[in-house]
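Structure, as structure tokens:
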Amino acid sequence: MATRNDVARLAGVSTATVSRVVNNNKNVSPEAKEKVMSAIKQLSYVPNVIAKSLRTKLSYTIAFVVHDVTNPFFGEIFRGICDEANEQNYFALIYQYIDSTEYFLKILQKSPDAIITFSSLSDEVSDLLKEHNIPVFYLGKVPKEGTFAGYITFDFEDAAYKMVNYLYNKGHREIALIGRSQATNNHIHEGYRRAFRDLKLCYNEDKVEFFDSYNFLVKTGYECMKKLLDKQSLPTAVVCNSDWIAVGAMNAISESGLKVPDDISVVGFDDLPVSAYLNPPLTTAKTEGYEEGRLACNMLINYLRGEEISPVKLKCEITERKSVKKI
């Protein structure tokens with residue numbers, strides 16, 4: 001089995017340079033890095049992660065904790081986390097969120113160096129992680145004051161505002177919303193309402209269906225759309241809190257004998273890979289889940305290496321397809 005010394009001899013560099021390349025240290029010239037990477041490939045060199053962990057007291061493992069591991073949006077993010085982690089010689093694991101300290105103690109038994117999460121951790125869980133010096137990187141929300149590694153948010157309020165304006169410019173005035181009910185993190189609803197104010201549209205509570213904050217399920221979209229269809233007057237367009245919600249809404253519309261977009265237009269958020277292949281293909285606000293996962297993982301690893309990182313807010317752009325009719 002090849003050693004670090006073997007790699008150094010073949011590349012014509014010091015063992016310290018090999019270590020810097022393996023650990024993705026930026027203080028290496030491109031020429032030296034290319035020589036080391038070529039030697040690693042020729043020798044099939046595999047760093048001794050166990051020995052390295054004993055020296056640094058790091059496991060080189062990151063835990064991704066979410067409320068619904070089956071949600072394809074989280075799958076895209078996790079794919080990005082995994083790819084970035086692999087390039088940085090880390091390993092990523094995904095866990096279903098359960099709000100209990102006993103459950104998180106089980107996660108801690110796997111010795112993750114840090115956690116990335118979309119979830120709002122309870123005070124008890126936050127205190128537990130702080131006690132064990134496990135930094136947390138948040139996605140989609142600004143964390144409470146306290147110990148955290150950093151965060152990335154999407155400007156969902158701006159995206160919803162743009163989406164309502166987009167529908168307005170297509171001639172729609174009766175625009176409904178299927179949105180999450182969590183009052184502290186309901187930016188799509190806020191953008192929806194702001195657009196209504198600025199466009200002088202009448203906000204109608206009958207055109208808004210809320211669902212439990214973490215129930216981003218096709219079934220949820222279906223059930224909420226059924227309620228909107230049971231109302232006395234139908235909307236001409238529906239803004240859905242996610243593409244997965246939009247899939248359910250489109251199914252409910254079709255089941256009722258109506259068509260998308262001929263009778264009711266539908267838009268979503270996330271731009272999941274499947275959204276381009278729906279019938280009709282879904283107009284949606286693109287959130288770049290994969291790239292967000294890569295960026296979050298990169299920022300977190302930089303934090304673990306002692307670098308300063310700053311919060312990031314990402315913009316969402318509308319991907320126009322065929323689920324909206326001009327009226």
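Scanning segment 253-310 for residues that are surrounded by fewer than 22 Cβ atoms within 10 Å (Cβ to Cβ) and in contact with a Cys (Cβ under 8 Å, 6 or more places away or on another chain) turns up just one, K286. Checked against the criterion of being surrounded by 15 or more Cβ atoms within 10 Å (Cβ to Cβ), at pLDDT below 90 and basic (K, R), the candidates K41, K52, K57 yield just one match: K52.
Of all residues in segment 297-326, which are assigned to a loop (DSSP other than H, G, I, E, B), of a type in the set (D, E, K, R) and within 14 Å of the chain's Cα centre (by Cα)? Listed by number, the list holds a single entry, K315. In segment 272-296, the qualifying residues are those that are of a type outside the set (A, V, I, L, M, F, W, C) and over 18 Å from the mean Cα position of the chain (by Cα), and the one that is farthest from V239 (Cα to Cα) is Y277. When every residue of segment 251-265 is checked against the conditions, at least one turns out to be within 30 Å of S120 (Cβ to Cβ) and not assigned by TED's automatic domain parsing to the domain that holds I134. Of all residue pairs spaced 6 or more apart or on separate chains, those with beta-carbon atoms under 8 Å, a first member in segment 10-25 that is without any contact (Cβ under 8 Å) to a residue 24 or more places away in the chain and a second member that is in a loop (DSSP other than H, G, I, E, B) are T17/V28; S19/N25; R20/N27; R20/V28; V21/V28. Summed over segment 128-167, the residues that are touching a residue at least 24 places away in the same chain (Cβ under 8 Å) and over 28 Å from A285 (Cα atoms) give a count of 5.
Quick one: in segment 200-217, of everything that is loosely packed, with under 15 Cβ neighbours inside 10 Å and not in a helix (DSSP H, G or I), which residue is modelled with the lowest pLDDT? Can you show your working first?
Here is the first cut: in segment 200-217, the residues loosely packed, with under 15 Cβ neighbours inside 10 Å are 200, 202-206, 212.
Now narrow it down to the ones that are not in a helix (DSSP H, G or I): 200, 202-204, 212.
Details: K200: 96, C202: 93, Y203: 93, N204: 92, D212: 80.
Looking at the filtered set, the residue picked out is D212.
If I go through segment 124-182 residue by residue, how many of them are touching a helix residue (DSSP H, G or I) at 6+ places or on another chain (Cβ under 7 Å), under 27 Å from A246 (Cα atoms) and not in a loop (DSSP other than H, G, I, E, B)? Residues in segment 124-182 being touching a helix residue (DSSP H, G or I) at 6+ places or on another chain (Cβ under 7 Å), under 27 Å from A246 (Cα atoms) and not in a loop (DSSP other than H, G, I, E, B): 15 in total. Scanning segment 8-34 for residues being assigned to a helix (DSSP H, G or I), out of contact with any Ser or Thr (no Cβ under 6 Å at 6 or more places or on another chain) and within 26 Å of E307 (Cβ to Cβ) gives a total of 12.
So is E145 of a type in the set (D, E, K, R), at pLDDT 90 or above and not assigned by TED's automatic domain parsing to the domain that holds P273 or not? So E145 fails the test. With respect to the stated conditions, K286 is at negative phi, touching a strand residue (DSSP E or B) at 6+ places or on another chain (Cβ under 7 Å) and without any contact (Cβ under 8 Å) to a residue 40 or more places away in the chain.
Residues are listed down the side, and each one gets a yes or a no for (1) modelled with pLDDT of 90 or more; (2) within 18 Å of the chain's Cα centre (by Cα); (3) loosely packed, with under 15 Cβ neighbours inside 10 Å; (4) at negative phi:
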position	(1), (2), (3), (4)
G80	yes, yes, no, yes
D113	yes, no, no, yes
E131	no, no, yes, yes
D155	yes, yes, no, yes
A160	yes, yes, no, yes
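Within segment 162-170, does at least one residue satisfy the condition of being closer than 30 Å to S310 by Cα and of a type in the set (F, W, Y)? Scanning segment 162-170 turns up no residue that is closer than 30 Å to S310 by Cα and of a type in the set (F, W, Y). Which is at pLDDT 95 or above and either within 21 Å of Y151 (Cβ to Cβ) or touching a Pro at 6+ places or on another chain (Cβ under 8 Å) (or both), of K286, K313, K322? Going through K286, K313, K322 in turn, just one is at pLDDT 95 or above and either within 21 Å of Y151 (Cβ to Cβ) or touching a Pro at 6+ places or on another chain (Cβ under 8 Å) (or both): K322.
The values are calculated or read from the model by the stated rules, or taken from the named source; none is laboratory data. Nothing here was measured: the structure is a model prediction, and the numbers come from that model. For neighbour counting, all protein chains shown are included, and Cβ atoms are generated from backbone atoms with ideal geometry for every residue, glycine included.
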